[in-house]
Each structure stands twice: as structure tokens, then as C-alpha cells.
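Written below as C-alpha cells is the structure these notes are about.
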Amino acid sequence: QVQLGESGGGLVQAGGSLRLSCAASGRPLSSYAMGWFRQAPGKEREFVAAISRSSGITYYADSVKGRYTISRDNAKNTGNLQMNSLKPEDTAVYYCAATALNIARRTDEYAYWGRGTQVTVSS
């Protein structure tokens, strides 16, 4: 099994940027597609972005398209989510996840999850 751990969250003003990282251990990250999800208080966990095993395919939620960029470095066993032009509505706990599928957007398609990192965007 692969274990995942997120880092890079924090407090930022609206319009600012953050870069989240997801470190994998236990198995090569190259065996999995990766996704990022977020969950705001009182809301369901929602899809943010996904990247295929070889980085050839990426998906984004409409709400983050053009502002967020997902990437991965299989040699370093890490994934990243660059978040620019942040808005207060981006405030949430952000989770990275891994799936044996080539790529996926639903939470039930991901078997492995990190514990999350808090992102707070102030207005």
C-alpha cells in the first residue's frame, strides 16, 4: 500500500498563492494516478484536480481551472498542487489521494488518502 502525507497549507490573503505537496511512501507513486480533493466545513469532499500516472492527462474542477496546476515528480515520489489567485471560497482542508486507475475524479475511485492540510484564504 502507499501512504500519503500533505504539506504546504496555511493562511494566505485573497489573491495570494500556495503550493501543496504530497509525499508518498511504501510503494512507488508512479504506480498510481493522483488526485487532490478539498472539504470545507459543512460541505462534502469535492474534486479539485487529478493527474494520470505518466502526467499525460490532467483534470480540473471548473472552479479552479486556470488558477491551479497539478503536477508530479515520480522520481521524487511527490505530487504538487500550485494554487494561484486564491479566493476565500477556496478555504478548506485539502487532501491528496491515489488510485490504481489511470485517472479519476470521484472520491470513491480513490483507495488511498492523506490526512489533509488546512488552507485558509482571508478576504
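K87's amide H: which non-local residues (gap 5+, or another chain) put their own amide H closer than 5 Å, with H modeled 1.01 Å from N in plane and none for Pro or chain starts?
Here the answer is G15, since their amide H atoms fall under 5 Å of that of K87.
In debye, nearest 20: dipole of the chain around its Cα centre with unit charges on the Cβ of K, R (+) and D, E (-)?
Working: 14 positive and 9 negative charges, 39 e Å.
Taking the Cα centre of the chain as origin, the dipole is about 180 debye.
At what distance in nm do the modelled label points of N102 and R19 sit from each other, each positioned 7 Å from its Cα along Cα→Cβ?
So the two model labels end up 3.0 nm from each other.
Kindly report, to the nearest 10 Å², the accessible surface of D62 as traced by a 1.4 Å probe over protein heavy atoms only.
Roll a 1.4 Å probe over it and D62 shows about 130 Å².
May I ask you to give the solvent-accessible area per residue for the chain, in square angstrom, as obtained with a 1.4 angstrom probe? Walk me through the intermediate numbers first.
Values: 6150 Å² over 123 residues.
Ligands and nucleic acids excluded, the figure is 50 Å² per residue.
If you plug each phi of the range 50-66 into the Karplus form 6.51 cos²θ - 1.76 cosθ + 1.60 with θ = phi - 60°, what whole-Hz ³J(HN,Hα) values come out, in order, with x for Gly and Pro?
Coupling constants for the range 50-66: 8, 9, 6, 4, 9, 6, x, 10, 10, 10, 9, 5, 4, 5, 10, 4, x Hz.
Charges at C-beta only: +1 for Lys and Arg, -1 for Asp and Glu. How large is the resulting dipole of the range 54-123 about its Cα centre, in Debye rounded to 20? Let's see the in-between values first.
Numbers: 8 positive and 6 negative charges, 25 e Å.
For this selection, approximately 120 debye.
Roughly how much of R45 is accessible, in Å² to the nearest 10, using a 1.4 Å probe?
My reading of the accessible area for R45 is about 80 Å².
Do you know the relative contact order of the chain, to the nearest whole percent, from alpha carbon pairs under 8 angstrom that are 6+ apart?
Working: 318 pairs, mean separation 44.2, N = 123.
Dividing the mean separation by the residue count of the chain yields 36 percent.
Please report the carbon-and-sulfur percent of the accessible area for the chain; probe 1.4 Å, protein heavy atoms only, DNA, RNA and ligands left out.
Values: 2790 of 6150 Å².
Within the chain, the accessible surface is 45 percent carbon and sulfur.
Could you pull out every residue, at least 5 positions away or on a different chain, whose amide H is within less than 5 Å of the one on L101? Hs are placed 1.01 Å off N in the peptide plane, and Pro or chain starts have none.
A33
Which FRET efficiency, nearest 0.05, do S123 and R45 yield, Cβ-Cβ r, R0 22 Å? Please list the in-between numbers first.
On the way: r = 23 Å, r/R0 = 1.07.
Efficiency, rounded to the nearest 0.05: 0.40.
Would you kindly work out the equivalent ellipsoid of the range 42-123 from its C-alpha gyration tensor and give its semi-axes, the square roots of five times the eigenvalues, largest first in whole Å?
Details: eigenvalues 89, 43, 31 Å².
Equivalent ellipsoid semi-axes, largest first: 21, 15, 12 Å.
The values are calculated or read from the model by the stated rules, or taken from the named source; none is laboratory data. For clarity, every value in this text was computed on a predicted model and none was experimentally measured. Cβ sites come from the backbone with ideal geometry, for glycine too, and all protein chains shown count toward neighbours. Surface accessibility is based on the protein's heavy atoms, side chains included, excluding ligands, DNA and RNA. Shrake-Rupley method; radii C 1.70, N 1.55, O 1.52, S 1.80 Å.
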